[in-house]
Amino acid sequence: KGKIDAMEFVCTKSFVTVKANGKKIITSINIDNDSLEKDDVEMLQDLLLVAINDVMKQIDDETEKQLGKYTQGMPGLF
């Protein structure tokens, strides 16, 4: 698990980039201001939600991939 905690996960959706570490802590959010129009705030909120959920799924998938080899055949562990 320590390996995963040290990894960086990145998701880019349109003009929003979200980065998180393996501990599911968001380390940065970048918004490309040049692509953002004044009336795009609602879309920006939606993109942030999608990007954050996607980067969290990447962490879950990596955790499952790395821990899966240890937990196969052990029902109810997760």
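Structure notes:
- Label-point gap, in nm, between residue 42 and residue 69 - each point 7 angstrom along Cα→Cβ: 4.8
- By the compact-protein rule of thumb, 2.2 N^0.38 Å, the alpha-carbon radius of gyration of the chain corresponds to a ratio of 1.36.
- Relative contact order, percent, the chain [alpha-carbon distance under 8 Å, six or more residues apart]: 31
- Sparsely packed loop sites in region 1-59 (the GluC sites (Glu not before Pro) outside DSSP H, G, I, E and B with at most 11 other Cβ atoms within 10 Å) comprise 37.
A short reminder: the numbers here are calculations on the coordinates, not readings from a lab. Since this is a predicted model, take the numbers as computed values, not measurements. We place every Cβ from the backbone using ideal geometry, glycine too, and count neighbours over all the protein chains shown.
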